[in-house]
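Notes to accompany the following structure.
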Amino acid sequence: MPEFFRTRAGRQCLTIMALGAALWISGALLDVDSWLVSFMSNFEDYGADKFVLALGIAGAMSFIYSVLRIADLRKEMLLRDAAQARADWIATHDHLTKLPNRYAFERKILPKITDKEGNIPDEARNNVTIFSVDLDGFKKVNDLVGHKGGDVLLVEVAKRICALGNADCVYRFGGDEFIIIALGMTAAREEWFAKVLIQAVTRPILIDGFAVEVGASVGYDRWSEGAEPLEDAAHRADLAMYEAKSRGPNHQLVFEPSMQDKVAERASLETKLRGAIQNKAIKTHYQPLIDLRSGSVCGFEALARWTDEDGMNIPPPVFIGIAEETGMITELFENLLTQACSDALAWPDHVRLSFNVSPVQMEDKLLASRILKVLAASRLPARRLEVEITENALIQDPAIAAHILDELHEAGVQIALDDFGTGYSSLAQLARYRFDKIKIDKSFIATCREDEKQEKIVRAMLALGKSLNIKTTAEGVEEHAQFAYLLQLGCDIGQGYLFGKAMPAAEAGIFIESQIASLASTA
Ligand code: C2E
Ligand code: CA
Ligand code: CA
């Protein structure tokens, strides 16, 4: 029976048709002719002949109506089927690249892999590999060639992946993330294919006259078909991809169980960090900054310290990194800055507080007003605060960075360029922004006395500072010889274990007092 007659409308049409047909058939089967003649002659006065005629016409009309209605409804059903198919396609595909999306993957739509009934052929069972690909540096492409240019890149990347022979099903999981399903690969072939994927994606793409390049990180693992949902294998491929990404761009890795442990560890650390920020358990310690010529303290750099409930010291780059990734950095920063400003009030007026701002914060348009608000509440004069930013923080969004730095400068806050020489474009940053200080990274200071090249670089940096009329700080001064050498080269300020490690606020107060006492005794 055609599909249409199973619907409610179809059944109604059938009933009407049946009624019409019944009227005709009953007329034919019964000997109605003679019966009618006698009936009509008996009831001529009542016009019964007209009634029977009307009944016949009604039957015929309802039959014709049913036929027409069936035609209409069939057309309507075809249109509805087409609309349904279109809605299904939209729900299961990415509009930009036309690739199936995450929803299609979750619904196990595996077009080239499954047969008509949606089953995986026997030869492919337990021989399915899921690859997870994530682009590196895609955000920079958007900044360089705009969002339309970014779209062009994604379409090209999708085409390149689909053109690879072994990419049996390719999905775009949103953003710059792709999933590829491949069949029948050996372990060696999987590794080879992951490398081929990276090569295909990272070939330059010409957009608006720019040869644009992105990197790619790839993770992969097998799907135990029948033993687990497809998403589980994709999740493991993702974990391997994240681990590959953490090793820098253009790496590929197969999943290993230790990656799962790392994720669990990281999740537990994240929970602990959330609690520590709420309970204000993270404290600022202070490392002295020494005026090399006078030997006196001219400031302290606030450095965050966290000892967790088990007595473990978590290194700042670890917890600051998690706070940045999870968006907790703003709350942590405000807590620490409030603490540090209140501690700095106890120091002599010429002793400055240096405070680190993370690159992620430089994308926050409200950063300057957040800092000025904390300053106003603490009553620490703006001229006593120095904000340290790294070069990398300036290239994320140069327009916002310029706006933040201008606002801070206007209020009287000093700006120092931290880890100078380690970023992408140190000199370009010096030309674009106004800095009050350059902090030469400790990696240069550690080797400058043994390594001639490093020595020349340090000399050049100090000369640069002098010619631009910007003060210079040397980080990581550990030995007397380094101190004497830097002093001789004209460096202004020193920071390092030679002068003192980061210490709690109370010790910083004692440090200043002891300095004042020793200065007084030598005067
Ligand atoms: P940084 O801003 O370059 O801070 C200087 C780092 O060098 C500190 O490490 C300090 O302890 C270390 N250091 C100082 N003198 C010496 C020395 O003579 N030799 C050696 N080898 N190291 C020395 P720390 O405290 O582990 O901080 C590491 C990084 O974590 C900092 O690098 C900074 O980028 C970040 N950080 C620390 N506290 C904060 C904070 O409150 N906010 C933000 N955004 N970042 C912070
Ligand atoms: Ca710093
Ligand atoms: Ca530094």
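Where a number appears in this text, it was derived from the coordinates with a stated rule and is not lab data. Treat the numbers as computed from the prediction; the structure is a model and nothing was measured. Here the Cβ is made from the backbone with ideal geometry for all residues, glycine too, and neighbour counts use every protein chain on show.
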Full extension between GLN260 and ARG449 adds, at 0.36 nm per residue less the Cα distance, a length in nm of 63.6 nm
Taking a straight Cα-to-Cα line shorter than 21 Å from LYS116, and setting aside same-chain lysines fewer than 8 residues away, one finds LYS108
The rounded separation in angstrom of the Cα centers of segment 404-425 and segment 340-373 is 12 Å
Where a ≥ b ≥ c are root eigenvalues of the Cα gyration tensor, a/c under 1.5 meaning rounded, otherwise prolate if a/b exceeds b/c and oblate otherwise, the chain counts as prolate
For segment 293-298, in residue order, the Karplus 3J(HN,Hα) values (coefficients 6.51, -1.76, 1.60; θ = phi - 60°; whole Hz; Gly and Pro = x) are 6, 8, x, 9, 6, 10
Computed from the beta carbon distance with a Förster radius of 22 Å, FRET efficiency for ALA60 and SER38 to the nearest 0.05 stands at 0.35
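For segment 102-255, what is the relative contact order in percent, using Cα pairs closer than 8 Å and at least 6 residues apart in sequence?
29 percent
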Pseudo-spin-label distance GLU76 to ARG107, built 7 Å along Cα→Cβ, given in nm, is 2.5 nm
Highest mean packing first, using Cβ neighbours within 10 angstrom, the peptides 393-404, 311-322, 211-222 sort as 211-222, 393-404, 311-322
Within segment 264-304, DSSP-loop trypsin sites (Lys or Arg not before Pro) with at most 14 other C-beta atoms within 10 Å are LYS280, ARG293
Given backbone amide H placed at 1.01 Å from N, residues whose amide H is under 5 Å from that of ARG352, ignoring those fewer than 5 places away on the same chain, are GLY299, PHE300
Segment 265-522: spread of alpha-carbon positions along the three principal axes, whole Å, largest first, is 48, 45, 38
Length gained if ARG370 through ALA163 is fully extended, taking 0.36 nm per residue and subtracting the Cα-Cα distance, is 69.5 nm
Full extension between LYS50 and ALA428 adds, at 0.36 nm per residue less the Cα distance, a length in nm of 125.9 nm
Quick calc: nm separation of the 7 Å Cα→Cβ label points for GLU270 and ASP291 -> 4.7 nm
With LEU79 itself left out, Lys, Arg at +1 and Asp, Glu at -1 over residues whose Cβ is under 12 Å from its Cβ give +1
Per principal axis, largest first, the Cα atoms of segment 270-360 extend in Å by 46, 27, 22
Between GLN84 and GLU231, the two model label points (7 Å from Cα along the beta-carbon direction) sit apart by a distance in nm of 2.5 nm
Once the in-chain neighbours fewer than 8 apart are removed, the lysines whose Cα is under 28 Å from LYS466 read LYS437, LYS439, LYS442, LYS453, LYS456, LYS501
Given 81-88, 382-389, the highest-first ranking by average Cβ count within 10 Å works out to 382-389, 81-88
Most packed first (mean Cβ within 10 Å per residue), the peptides 182-188, 96-102, 434-440, 116-122 order as 434-440, 96-102, 182-188, 116-122
Taking a straight Cα-to-Cα line shorter than 25 Å from LYS272, and setting aside same-chain lysines fewer than 8 residues away, one finds LYS245, LYS262, LYS280, LYS283
The long-range amide H neighbours of THR390, using H built 1.01 Å from N in the peptide plane and a cut-off of under 5 Å, are ASP418
